[in-house]
Structure formats: structure tokens, C-alpha cells
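To start, the structure itself, in C-alpha cells.
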Amino acid sequence: MNTKGATSSGGNDGNPSDSASPPPSKKNSKRPKYSRFTQQELPACKPILTPGWVITAFTVVGILFIPIGLVCLFASERVVEIVYQYEADCVPADYSNNVLAYIQSSDTNKTCTRTLTVPKYMKNPVFIYYQLDNFYQNHRRYVKSRSDTQLRSKAGEREIKNCPPEGTTKSGDPIVPCGLIAWSLFNDTYGFSLENEVLNVSKKNIAWKSDQEHKFGSDVYPKNFQSGGLIGGAKLNSSIPLSEQEDLIVWMRTAALPTFRKLYGKIEKELQANENITVVIQNNYNTYSFGGGKKLVLSTTGWIGGKNDFLGIAYLTVGGLCLFLAISFILVYVVKPRPLGDPSYLSWNRNPSGHLN
Amino acid sequence: MAGAKKKRLRLSKIYSFACGKKSMKNEELPPVGGAGFSRMVYCNEPDCFEAGIHNYPQNYVSTTKYNVATFVPKSLFEQFRRVANFYFLVTGILSFTPLAPFTAVSAIIPLIIVIIATMVKEGLEDLRRHQQDSEVNNRAVLVHQQNGVFNNTEWKNLKVGDIVKVEKDKFFPADLLLLSSSYDDAICYVETMNLDGETNLKLKQALEITSSLNDDSNFRDFKASLKCEDPNPSLYTFVGSMEYEEQQYSLSPQQILLRDSKLRNTEYIYGAVIFTGHDTKVMQNATAPPSKRSRIERKMDKIIYVLFFCLFMMAFIGSIIFGVKTKDDLKNGRMTRWYLRPDDISILFDPNYAALAAIFHFLTALMLYNYFIPISLYVSIEVVKLLQTLFINRDIHMYYEEADKPARARTSNLNEELGQVDTILSDKTGTLTCNSMEFVKCSIAGTAYGHGVTEVERAAAGRRNGKPSVQANTNGMNHIDNLVDSESPIKGFNFKDGRVMNGKWVNEPHVDVIQKFFRLLAVCHTALPDVDENTGKITYEAESPDEAAFVIAAREFGFEFYKRTQTSISVLEFDPRTGNKVERTYELLSVLEFNSARKRMSVIVRDEEGKILVLCKGADSVMFDRIGKNGKEFEQETRDHVNVYADAGLRTLILAYRELDEDKYKELNKKFNEAKNSISADRDILIEAAADKIERDLILLGATAVEDKLQDGVPECINKLAQAGIKIWVLTGDKMETAINIGFACSLLRQGMKQIIINLESPEIQALEKSGDQDAITKASKESVLRQITVGKFQLIPSSGSSETFALIIDGKSLAYALEDDMKNLFLELALGCASVICCRSSPKQKALVTRLVKIGTGKTTLGIGDGANDVGMLQEADIGIGISGAEGMQAVMSSDVAIAQFRYLERLLLVHGHWCYRRLTSMICYFFFKNIAFGFTLFLYEAYASFSGQPAYNDWLLSIYSLLFTSLPVMSMGIFEQDVSARYCLKFPQLYQEGVKDVLFSWRRILGWMFNGFLCATIIFFGCNKALEHQAFNKEGFTVGRDIIGATMYTCVVWVVNMQMGLAISYFTLLQHIAAWGSIALWYIFIIIYGSLSPTTSTNTYQIFTEALAPAASYWLVTILVPITALIPYFTYAAIQRQFFPREHEIIQRLRAEEKSNGIANDPEYINNMVR
């Protein structure tokens, strides 16, 4: 609007002499006050997606992502990992048709000894994980079946609202820790030895500090745990407070997905390539009912964590895609250049009959 | 009292027979004594026992929607009528059951916040209405207390039966019975602008019996009782009778003063209150305006249904899978997933009743996926619209300095509809024109005087120069120039000619004719002079603005009409012989009224020399036939001039006179009086014949040309709107010639256009009308209209290829037939084929009908614009009603959706505000759906990995505050500030407006595209995060991820994606948008730190999540860089390709602007013209 000039000079409000015909009562004038906000004239940057910007953006992303991808991939490659799937392996041949009987019987020998070869030098600490497949720790019933109050302090012992059917014993005494999560605590155990020398498995610092310090009380001791008719998983030493029971704490932090790993312990000794480690597995945990797998994992870590090439590959792919798009845009722009804002492209200019009046 | 005495003239006598008759005509008396005739009013004893039993309402008027008691239930009810809100209410209630996937409090709090916010908004709006009401209710009026003492009382305390005294220029506080006035004959003048929009004064007269009660003390012992009709909305009828001094007197509307009309030209009146408060006719008329919802909102509802469908589908799929999986938990009595203890389980997960569990799960899923339905959408839209309304109200470019009136959006519902208008239906008088006539030209004795340039001529000149856009731009300046040019502009007079001004006319040839011409202007009218006692200046109150213009013109020419008595008219005349001003008084013998059939008026006067003159003015179509043989001296020249004036869009009148000798006058007057006094049915015909005898053998003096001045900038505005592809229909009550003239003036009609005129003026039909056979007339008329429409349509067909444009002009009578059911579609087709449509002589009802026809027939958005009460129907019927608040009339404004002061502001209102609001709201809604899908769908994907058990991926509180905290500000800033192109470019390229008309920004393609983008982003986020973090160690300490870490990482990605996506989608970044977007992202980090530091009881699994787990881990940061950027690439690529190869209009203009800025050619007019052409 060209009237802008006129109005903005009139817009210096409070100046009574500016207007040619001032309204009779200037004081009560309903004239809107001028402000850049109400006039919608706030200073703004108005970026447009020009080919230049598009190409620059893609190039920058490409150039940044490819090195990041390479670094990630490199870090992931440096992590050494031994994965041993044992749920089928560790069932004696005569039980292979009846695994459930094997696992549910308390008389069968669950010990299973295997030898694993270290493929590459593994720097200490070497982390020991157990990996379960098809185990829905994220099931709503399962997730809810716990009592944070009870875990945190002795006073909350009777807080078992969400715990049934593992809330109380038959006689009505509260179970500590209650609920399905604790009840189904993983109870396979692993023993390691290197050329007949036992490798110590450290169970310290395998849980998050915040859990140990704030969510599991140091005055809370297991009580009536796994004493009912149906035994779920591991038993707990009732003389150790929950805050020290790191296996439980790890287990209680429920996994996001049905396939998950949980930290079992650490070997503080470095392992050399081609060393043979003997593993003694107590195969107690029942994953057979629901067809879940069990894996033993020995892994080192890098700054990126454990071994997973996905991040590196994803960075490389996205970076590559961006570079490709950048080049495509450049080519298109060279082949078919197009002036910025050519008015002839406006539809009413392209199509004369569309021009009204 | 002294002032009043001076005015004690029997003014009513001047109005020979017309005034009284006019109001009588409107009455169709309902049967007296029938039902609805029970009201009893005891004048001057409002507190008596009988008045008490009737318990008539207080005069307190309330227009609020709620009161203190009903506010909460009523507004809650209103809110839960919305499907989405009702759904949230149901899920909120369900969340208290064990079905809920999250805690009840976290689910219900967002709903409560949203509901409270909406209620606060409703409450504030209602409070404002209440304040307006209380302003009116607390106005003061003089009420008779006792013993003839009148005291000021507030309006709200008036009671039926009170005697009130209303002073000049005050509004009547209730419906009153006029008892007496400052005039002896108890007349008073009333302005009913607020009721019917008519500007002329209406005459009311009290009963003779009460007319003497014109002093305060008279009311000491006054008693009367009234019986009258019950409250009803009919403004023009009243039936009642008064018992006074044991006599019955019947009452008519002539004695009734209606609330909200204004006392004018009368010092004071006394009246008795008949109807109070909501019983008054004006309040009875105030029907609740139809609530209008915009097209966008209606479509939005559909989208919400689509989302509901998605939600139900997802819940359904989930439930089936959940049911199957649950059933599998117990196989042949053996538990499979033993860790869930399916042997001892609540019904929600019981494998034995898997089907039932699935049904319960369905309810859980409905709650879990509620993030698909944006809970805060409605309240956000309302807040955004409120701010948009503020922008409209505060726009300094739509503020009208002269009347001190800014634009006012009365409802915020329709802002975006302003950007989609396809057809404008406009009133003419007061809307396109100022409704103030200006005397511009005249032709006297065959010579044309007056150099003024009319709008039409200016427009024509503009077209010849071929630079309408430049002219449009400078319009505002022109207006100011005009004001400066003529030193002191006189309202109603815009005549410039040195030959006749300032008494120079005495040097012209035919000086005697000129003198007679001016004298006729000064004498032949029914106006009243109003002398300002302080300044001595005279203003005139006239029945029509035309008349006022004539009297003012006469004054400016030196013939100042200053006094009127019942029998005389006094004029201060310039005497050409002496050069001095002389007082002349003309004895008024008779007035022959103007009416639309006669198209002329005359006065018969006797001048000081005793000559009897018949002074007559009228339309050219009737006047030239009445010119006598010896009066035709200048006929040819005058005819030529009149034609020229008509082409220039002026209203012309022919002036002529006749001298009568005493005998002839006596003879004619006798006949006339006989006719007047006859009481037979053919009285009108007799009067007509008598008048006809008088008004013949006239001597032509000349012609006047009056401009019904177009409002400033109307032609330019119409031009712009036409360029924007908006069709404009003019619906006017005016006659066809005037309408066509104005059509030309405001460039609605052009010389090259072919006019298709439909009317019923054919001789056959006129002949039939004389015969009076109604059936035959109807039949013939209908056939004639049908034939004309069909012929018109045939004309359209061959022209479709050529550039010839058509204009359709139809008159009210034909319109009545054309709007009948069997013909209306044909008529609509014809009308849509024409570039301009003008309906003349259309009644308010027809205006509304035409509006409905267009609205329903085309299915497009219609906008009605008007200023008078006769436009109310049209405004309410149209999708958007715009009231012109230029004059004082409030009826149109009260029923409008947006009120503006001048027609030309429509341009800015539609092209700038409408366009922006449309764009903002559509973008905002699309984006809203995007952000909720992007979030909600991650939940669904996660469910797929949690055996659809209904466990959400995120912490309860993170779920519930997503919509409120992290994404609401950016989306609102988008709805408030987004501008695709600046106001200047919106106006420069009006064609851009078509984006809204064609609804390209809210097409299903775009909506679904955004939804698809939401699904895509959710998928990328979910799989990106889960694959990257999967099951390996998450940090150097070897810890693996749990539900908490994955959830928080995904949440981080979602917050980044939706906020960055907004950055890509908008094209106007103010500081506030930066703050909103970056602030929301920062807020997320701040929130998670604070929330994580609360005790684990509150924060549960997010306890210290960020400080302990996420922040120190490199993989968290790597994922949250990779995933959001990846998720944005599809949209970015799409946008880049689309803008490069298939750019939309606004995108091209954005580039134009960028280019102009860099080249500095923005102000090259040649360049701009190339753009526009």
C-alpha cells in the first residue's frame, strides 16, 4: 500500500497536529495504536528454498554425515563380541523332545560346559551379558507388576497393589520384592575359566547408580521371596539388602523390546586372541515354554558402546543420499536453469483466459 | 421553555397528506381484541397493584450467553458437544479404571487445562458483552417520580407505566407511547437508523387529547390506562387503545416511539413506557444470529473423523493381535509366557477369555492412541483466531479517520473464511456509495455548468491511461488532495464553475431563467431548516439526501432557504438588479408529494408579487412529456446534457415551472381538494388525476445532476477484487437506471460489456397490469422472465470463446419469478456466466434469497456486505456478513461478522487479512495433524513390539504434556505470524487470492500429504532409534538400554522433528517464532532435567535419566542428530522439487520479492505493470 507513507507519519501517535482533519475528540480516538506487532510488520527473515539453499543444505549434511558415519563404523568394528546361543545346545539329547520336562524338573542336571574361542584381543573390562529373545518384559501386565514404594523402603513393605498374584504368600504376608518382574528374575549362572584358571566375574557396578541409591532401599531385605507354590526364577539372599542385589536391579529395569541384553557381570582381565574360555552354564531359566532364545554374550565396549554397525551405516547412507541429491539438483539446475521468480510462471500469466478482466 | 415556544408551529400541516398516509400504509391491522392483545399498562402508576400482577419484565437488557449460575454447566455442555472433546472426556473417565495404560491424573490434566482455557475465553467474551449491556442499562433518563418532579433514573430501573421525558438527540429507553412534545401539535421527529437503517426522519404525532401535557407539572395527576397488543417483533404495527378521562382512544404506530431510535429536531417529548427490556420491539427482533462455522472448520471435523477412523483401525488391529497372543499364553493348560502368570490373571489379560480381553484392550488402545486426536487443536485455533481478530481490529490501514472507526471483527469464527470468498453480494446505497448526494452539475437554459469530475469519468480516464494499478495505489493520496483543493468542502455540494458561482451568474445570458432555476431549488422541497443558534449557520433536515443537496446548492448559489412555517417558505435571495440579498417569503399553497409512481414533486406558491407558481422537479422520463409547447426552448440541449450526465453516473432531475392565474389556480385547487377529501376507494386515482392537471404545460428551466458519491476507492477496490477473481453482485433497492449508472461508476460495468437486461417493462405486461387480472399477469410475467433468461443464456454460449463479457441486470419483479424453484437454477447458470450481476429493486427478502441461491447453488463461499437493516437478511444468510459501520445505523453491524467503516477496506480485509488467516489456519491445522500423528504413530509401532499389551513407550507425564508444552507454542506462532508474502505483495498480486478460493492449501491432497509425512517421520524415528540402540551396550560402561532410555531418546527425536519441521514449513521467521521453536526444544531438555531430578516417586522411570544415562552417552547424541535430520529429508526433498518445478503462486512471488530486493527494481512501475498484466 502506498498509503503506508501517509499512515506511518500519522502513526506517530500523540502528535495532534499531524492529521488534516482531526476527529473532534482526539483523546477518545479509537485509532489503533501503531505497533509493529499489531500491524504485523515485525522484522523477520523470510528464507526461500532456492536451489542454492537446497544444494548447500544437502551438501553440508552429506559432508558432515559421511565422516561421522565412518568414525561410528570404525568404533563399532573395534568392539569385540562373542555371542553364544545355548538354549538348544545345553539341553541333553535325550530331553530334546521334551525340553519343558527337562527345565521344569529339579532333578535334571542343568550344568552345561562349553568352550569359547576369543577371536581377537579383548581389552578389559570384558562385559558379560545374557540375551533373551521373545521375552516381553514390556508387556503391560509385567511392567506394572512391581511396587516401587516397597523396593525403596522398608516402610512400604505392604504396598503391593500392583503385585498380585505375587503380592503375598498364601498366609497373607507380603512378598519382598513383590510382583512378576522380581518373581521371574533370570537365574542362569555362568562360570568362566581360562586354562583351568577361574576368571573372576565381578558383579559390582553393573546397575545404574541412581537405581541403587534411590530406588532400591538399603534397609529392604528380601522376605518370603520365591516361597510360594510356583517358583518363577532366581532366589535372593535374604541377608543382603536390595540395594546390593545388583542382578535384581538390572533385571527390574525393564527392557524396551522383546529381544534384550542385560548385564550379568564383568571380567576385569583382558583376553588374548585365540584363548579358549571354558564356560560353565547353569541352564535354569525357562525360556522353552514360550520359545525364547538365550544367548551368552562377551563384549568389550568403545566410546560408542557395544557393537552395532547400524549407526555408522545409517550415517553413511543418509550422508551419501544427501550428496546424491545435492549433485542431482546441481545437474538439474545446469541442464534446466530457471531464473528466480520468473513472472511468466504465474498461472494468470501462463493462461491468458484465466486472467480476469 | 423559551426555545420550545419558538418552535411551536403546526409543522404537521406542511405535510399536506403524505406523511400521515405513508405510515398508515404500512399497517395491516391485526384483529383487535384477538389473541395476543392482553397487555395492560397503567400510565403514571407503575407501582400500583394491577401493574404488580402482570409482572412485566424489567427494562434490564441482557445479551450475554451465560449468567453466573449457568456459566459452568452451559459452557461445559457446549464444549463436550464437540466430538473430540467428548472423546477425551470418555477416555478421561476410562483412565480411572484399570484399563488405563497410564495414570489417570496425567491423562485428565491436559483435558482440564484445555477445557479451562476455553472456558476462560468464553467467560471473558461474555464479560465484555455484559459490560456493553451495563453501559446501555445504566444510561440515564428523566422519569416522573411524583408531584410533577422528574428525576434522572437509570434505564434498567424503568417500569411499565412510567412517564419519561426524553430530550433532543437522546435514545428512547423503552417502547414509549408519545404523549406530548415541545411542539404544540405534539409531533416529534424520530430517527430509526438503528432499527431499519433508514436515515430520513420519521414524524410521530401524539393523540390530540394528550398533546397539552407538555410540561413537567402536568403529570402530577395524570392517569390513563392502556390496553394493547402483547410483545411482538413487528416494527411497523401497533394496536392498542387508551382510556383517558373516561374516554377510549385508539392508538396507532403513529404514537409509538421504539427503543433504540433517537429523538431528533424536537426539544423533548413525554412518553409512557409500554414495553420494557426484552419485550421491546427491537429486542423481540433480535433473534439469535445464526451461528456460522467456517468451511475450514467443517472440513476439519471431517479430518478428525478420518483420524478417528485411523485410531479405531489401529486399536482394532492391535486388539485382534493382542487377543491372539493372549490366547496363546495358555496352551493346553500349560503356560507359555509363564512370567505373566496367565493362570492367575485379571480379566484384562485372561487367555481363557481372550475375546473379552481383546475388547477391553480395544478401550485401552483408544486411550493410548488418543494422541492422534489433537486435544489442544480447538483451543489453539480459538486463541489463534482471537489474535487474528486483534490484528484485524488493530489494522491501522482499516481505520477510518473521519468517523473514528476501526475495523471490528465481531466474531472470530470466520477469519479464514475471508480468504476464500468467491462471490461478494453487495448492497449499493451506503455501501458502495456514501449515501450523501452531491450537487455537481446543472444545465440551465441549455447551457451546461459545472466542471466537477465524477468517479465514473475518473475511472474512464484511468482506463484510457491503462494504469489502473498505479491509480489505485495513489488513491489514498488523491483523496487528501481533493480535500486540500476545495478550501472548505461543503457536504452535499461539489460544484465548481466560475460562471455561476459567487453571484457571477448575473452576467450570463438568460439570467431570468437562471434566477428561476435557483429559486425553484430553494423553494420546491420539503426540507426543514435548522438554525444553529450560536453560529447562525443553517443545516437542513431533508427526507432524502437528494433534497438536502438541492437546498444546499440553492444556498451556495445565493438563495438561502432559512425559514419555514406552515404556510410559507422564506428565502434570502440574491437580487440581480440591486446585487443585495433580499428576504422573500413565498406563500405555500400546496405540496404535491413525490412518490415513485409519479417520479416528480411540485409545490404551488404565491410569490410576493402575487403570482402563483407551480414549481416542479422530476425524472426526465416523466418531465419532458409535461413540458408545454412554449416551454420547449432548450429541450434539445437539455436532453443532450441529461444524457451526458447519466453516462457520467449522475442522478438527474428536470426542473420546470408554470405560472397560473388566480382563476385557473382556484379551479385546479378545487379539484385537487375534492380529490384529497374524497373517501372513496379511488381516492389515489383522483388525486393523481388532479395533480396531473396541475403539472402540465410546464416551462423547462433546466436539469440538475447529483452524484450519489461513491465512497473513496470503491472503483479501485472493485477492480482489485475482480482481479482477485472474486465475483461481485450488486443487490440494490434502487431503480434500474441508477443501479446501472453506479455500476459504471464503480467499474462493475464497462463500456465494452454486453448487458443482458431482464425486466417486465414490456408493453404487453403493462397492458395486462392495467387490466388487473392477477393470474394472467403472473403467467405472462413468468413466461416473459423465462424467455428472457433463456435468450440470455443463448447469448452466452457463442461468446465463450471470444473475449466479450456480459453483465446481467435484473429487476425485483423479474427476480421474484426467477427465484422460483423451477427457474432458479437456470437463472443461476445465466448469472454465473456473467462477469457482473446487478439486481435492482430487490427487497430485503430477495437479497437473502439471492444470497442463499448463490451459496447453495455454487457451493462456494459468499460474502454479503451492506449497511442497512434491509441487508440484515443477506448478511445472515451469507457465509460471511460484513457490515458497513459508516453511518450511525447499527442494525447491519449488529448482525454482521465483521464491521468495517468503508467499502474500500474490503480489499485489505480479504486480500491481506483473509489470505493470511486462511493460510495460517490451514497450515496450522495440517501441521497439527502432522505433529500428533508423528507422535501417536510411534506409540503404535512400539505396541507392535510389546505384543499390543497397551504399554506406552513413554513415561506417563511425557505423554500428556507433549501437546501442551513442547509443540503448542510453535504451532500457535505459526497460526499467528505466518505470512507467505507481505501485505504489499498480497495487494500487488490480487490473483494470489485464488489460492484460498480454490482451497489449494486445504485440499485433501495436502492434508493427506501432511498426514503421510507424519506417518513417515514416526516410522523413521521409531526404527532409527530402536535399530541404533537395539540391544548392544549403550555406553562405555556396558549398560544396555531399557524402556526408559529408548522412550526418552525417541521423545527427543520427536520434539526435534516436529519443531524443525515447522521451521521448514513456514516462510516468515520473526524473533517470536525462533523463540517458540528453539524454546520448545530447549524446554524439553530443561523439563527432562527438572523432571528427572524430582523424587523417583514422581518421575518413576525417568529419574535422573538425562543426567545419568542420556547426556554422558555418545550414542544418544549421535542418534538424536541422525534421526531428526533423516526424518526431515523426505519433506525437504519434496519441498525443494515442488518449489523448483511445480511452484505455487505464493512461492513464485516470494522469489520475485527476493529478486526485486537484490536488484533494487521494486519501484519500477513499468516492471510492476508487467507483473500484473
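The values are calculated or read from the model by the stated rules, or taken from the named source; none is laboratory data. Only a predicted model underlies this, so the values are computations on that prediction, with no experimental measurement involved. Positions of Cβ are backbone-derived with ideal geometry, glycine not excepted, and every protein chain shown enters the neighbour counts. For accessibility, only protein heavy atoms count, side chains too; no ligands or nucleic acids. Shrake-Rupley method; radii C 1.70, N 1.55, O 1.52, S 1.80 Å.
For segment A:146-167, which positions are within 12 Å of chain B (Cβ to nearest Cβ) and open to solvent by 70 Å² or more (accessible area, probe 1.4 Å)?
A:Glu159, A:Lys161, A:Asn162, A:Pro164
Please pick out the residue among B:Ala619, B:Ala656 that is closer than 28 Å to B:Asn435 by Cβ and open to solvent by 10 Å² or more (accessible area, probe 1.4 Å).
Testing whether each residue is closer than 28 Å to B:Asn435 by Cβ and open to solvent by 10 Å² or more (accessible area, probe 1.4 Å) leaves just B:Ala619.
Search segment A:209-231 for residues being touching a residue at least 12 places away in the same chain (Cβ under 8 Å) and open to solvent by less than 20 Å² (accessible area, probe 1.4 Å), and hand back the single one that is nearest to the other protein chains (Cβ to nearest Cβ).
The residue in question is A:Asp211.
Cβ contacts < 6 Å: first residue within 17 Å of B:Asp734 (Cβ to Cβ), restricted to segment B:853-877; second residue open to solvent by 30 Å² or more (accessible area, probe 1.4 Å), any location; separation 6+ or different chain. Result?
Cβ pairs passing all conditions: B:Ala869/B:Gln891; B:Asn870/B:Pro844.
Cβ-Cβ under 8 Å, sequence separation 6+ or interchain: first residue in segment B:477-503 and within 11 Å of another protein chain (Cβ to nearest Cβ), partner modelled with pLDDT of 75 or more. Which pairs?
Pairs found: B:His479/B:Asp712; B:His479/B:Gly713.
Among the numbered criteria (1) more than 30 Å from B:Gly859 (Cβ to Cβ); (2) away from every other protein chain (no Cβ under 14 Å); (3) under 32 Å from the mean Cα position of the chain (by Cα), which single criterion is violated by B:Phe966?
Only one criterion in (1) more than 30 Å from B:Gly859 (Cβ to Cβ); (2) away from every other protein chain (no Cβ under 14 Å); (3) under 32 Å from the mean Cα position of the chain (by Cα) is unmet by B:Phe966, namely (3).
Out of the residues in segment B:1051-1104 that are open to solvent by 60 Å² or more (accessible area, probe 1.4 Å) and within 20 Å of B:Phe935 (Cβ to Cβ), which is farthest from the chain's Cα centre (by Cα)? Break it down into steps so the answer makes sense when it comes.
Restricting attention to segment B:1051-1104, the residues satisfying the condition of being open to solvent by 60 Å² or more (accessible area, probe 1.4 Å) are B:1056, B:1071-1072, B:1074-1075, B:1078, B:1083, B:1086, B:1089-1090, B:1093-1094, B:1097-1098.
Still in the list and also within 20 Å of B:Phe935 (Cβ to Cβ): B:1056, B:1078, B:1083, B:1086.
On the way: B:Trp1056: 43, B:Trp1078: 40, B:Leu1083: 43, B:Ile1086: 47 Å.
Per the criteria, the residue is B:Ile1086.
Among the residues of segment B:1144-1161, is there at least one that is open to solvent by 50 Å² or more (accessible area, probe 1.4 Å), at pLDDT 80 or above and hydrophobic (A, V, I, L, M, F, W, C)?
no
Considering segment B:690-708 alone, what residues qualify as being in a strand (DSSP E or B) and surrounded by fewer than 22 Cβ atoms within 10 Å (Cβ to Cβ)?
Of everything in segment B:690-708, just one residue is in a strand (DSSP E or B) and surrounded by fewer than 22 Cβ atoms within 10 Å (Cβ to Cβ), namely B:Ile699.
Give the residues of segment B:428-445 that are buried (at least 20 other Cβ atoms within 10 Å of the Cβ) and modelled with pLDDT under 85, sorted by residue number. First the steps, then the outcome.
Going residue by residue through segment B:428-445, those that are buried (at least 20 other Cβ atoms within 10 Å of the Cβ) are B:428-435, B:437-445.
Answer for segment B:428-445, where residues must be buried (at least 20 other Cβ atoms within 10 Å of the Cβ) and modelled with pLDDT under 85: B:Lys428, B:Thr429, B:Gly430, B:Thr431, B:Leu432, B:Thr433, B:Cys434, B:Asn435, B:Met437, B:Glu438.
Quick one: count up the residues across segment B:141-176 that are in a strand (DSSP E or B) and without any contact (Cβ under 8 Å) to a residue 40 or more places away in the chain.
7
For the condition modelled with pLDDT of 80 or more, within 26 Å of B:Lys537 (Cα to Cα), of a type outside the set (Ser, Thr, Tyr) and in a strand (DSSP E or B), what is the one hit in B:Val603, B:Val591?
Criteria check complete, one pass: B:Val603.
Among the listed residues A:Tyr345, A:Tyr333, which satisfies the condition of being at pLDDT below 90, within 7 Å of chain B (Cβ to nearest Cβ) and closer than 30 Å to B:Pro1143 by Cα?
Values: A:Tyr333 fails: within 7 Å of chain B (Cβ to nearest Cβ).
Of A:Tyr345, A:Tyr333, the one residue that is at pLDDT below 90, within 7 Å of chain B (Cβ to nearest Cβ) and closer than 30 Å to B:Pro1143 by Cα is A:Tyr345.
Considering only residues that are farther than 20 Å from A:Phe127 by Cβ, in a loop (DSSP other than H, G, I, E, B) and away from chain B (no Cβ under 11 Å), which ones fall in segment A:168-200?
Listed by number, the residues that qualify are A:Thr169, A:Lys170, A:Ser171, A:Gly172, A:Asp173, A:Ile175, A:Pro177, A:Cys178, A:Glu195, A:Asn196.
Collect the residues in segment B:1099-1136 that are free of Cβ contacts under 8 Å to residues at least 40 places away in the same chain and facing chain A (nearest Cβ under 9 Å), keeping them in residue-number order.
Matches in segment B:1099-1136: B:Tyr1103, B:Gln1104, B:Thr1107, B:Glu1108, B:Ile1121, B:Ile1125, B:Ile1129, B:Thr1133, B:Ala1136.
Could you list, in sequence order, all residues of segment B:1038-1050 that are open to solvent by less than 20 Å² (accessible area, probe 1.4 Å) and in a helix (DSSP H, G or I)?
Hits for segment B:1038-1050 are B:Asp1044, B:Ile1045, B:Ile1046, B:Gly1047, B:Ala1048, B:Thr1049, B:Met1050.
Which of the residues that make up segment B:90-103 are under 15 Å from B:Leu958 (Cα atoms) and open to solvent by less than 20 Å² (accessible area, probe 1.4 Å)?
Correct list: B:Pro101, B:Phe102.
B:Ala186 fails exactly one of the following numbered conditions: (1) exposed (fewer than 15 other Cβ atoms within 10 Å of the Cβ); (2) assigned by the TED database to the domain that holds B:Phe275; (3) not acidic (Asp, Glu). What is the number of that condition?
The number of the failed condition is (1).
Which residue out of A:Thr117, A:Thr108 is in contact with a strand residue (DSSP E or B) (Cβ under 6 Å, 6 or more places away or on another chain) and more than 20 Å from B:Ala1028 (Cα to Cα)? Before you say what the answer is, go through the steps one by one.
Numbers: A:Thr108 fails: in contact with a strand residue (DSSP E or B) (Cβ under 6 Å, 6 or more places away or on another chain).
The match here is A:Thr117.
What is the residue count in segment B:1014-1031 for residues that are in contact with a helix residue (DSSP H, G or I) (Cβ under 7 Å, 6 or more places away or on another chain), open to solvent by 10 Å² or more (accessible area, probe 1.4 Å) and of a type in the set (Phe, Trp, Tyr)?
1
Scan segment B:887-939 for residues that are part of a helix (DSSP H, G or I), among the charged types (D, E, K, R) and open to solvent by 10 Å² or more (accessible area, probe 1.4 Å) and report the count.
The qualifying residues number 3.
For A:Ser106, all conditions in the list (1) touching a residue at least 12 places away in the same chain (Cβ under 8 Å); (2) away from chain B (no Cβ under 11 Å) hold save one; what is the number of the exception?
(1)
Looking only at segment A:244-285, count every residue that is under 19 Å from A:Thr300 (Cβ atoms) and in a loop (DSSP other than H, G, I, E, B) and tell me the total.
7
Suppose the filter is in a helix (DSSP H, G or I), hydrophobic (A, V, I, L, M, F, W, C), open to solvent by 30 Å² or more (accessible area, probe 1.4 Å) and within 9 Å of another protein chain (Cβ to nearest Cβ); does A:Ala75 pass it? Let's see the steps before the verdict.
Values: in a helix (DSSP H, G or I): yes; hydrophobic (A, V, I, L, M, F, W, C): yes; open to solvent by 30 Å² or more (accessible area, probe 1.4 Å): no; within 9 Å of another protein chain (Cβ to nearest Cβ): yes.
It is false that A:Ala75 is in a helix (DSSP H, G or I), hydrophobic (A, V, I, L, M, F, W, C), open to solvent by 30 Å² or more (accessible area, probe 1.4 Å) and within 9 Å of another protein chain (Cβ to nearest Cβ).
For the condition aliphatic (A, V, I, L, M), within 49 Å of the chain's Cα centre (by Cα) and more than 22 Å from B:Ala689 (Cβ to Cβ), what is the one hit in B:Leu655, B:Leu613?
B:Leu655
Scan (1) in contact with a strand residue (DSSP E or B) (Cβ under 6 Å, 6 or more places away or on another chain); (2) facing chain B (nearest Cβ under 7 Å) for the single condition A:Val61 breaks and write down its number.
It is condition (1) that A:Val61 fails.
Return only the number of the condition from (1) over 30 Å from B:Ile718 (Cβ atoms); (2) open to solvent by less than 10 Å² (accessible area, probe 1.4 Å); (3) away from every other protein chain (no Cβ under 12 Å) that B:Leu1001 does not satisfy.
Of the numbered conditions (1) over 30 Å from B:Ile718 (Cβ atoms); (2) open to solvent by less than 10 Å² (accessible area, probe 1.4 Å); (3) away from every other protein chain (no Cβ under 12 Å), the odd one out for B:Leu1001 is (1).
Restricting attention to strands (runs of 3 or more DSSP E) lying wholly within segment B:749-856, give those where 2 or more residues are out of contact with any Asp or Glu (no Cβ under 6 Å at 6 or more places or on another chain) and polar (S, T, N, Q).
Correct list: empty, since no element meets the threshold.
Check B:Glu243 against each of (1) surrounded by 21 or more Cβ atoms within 10 Å (Cβ to Cβ); (2) assigned to a strand (DSSP E or B) and name the one condition it does not meet.
Failing condition for B:Glu243: (1).
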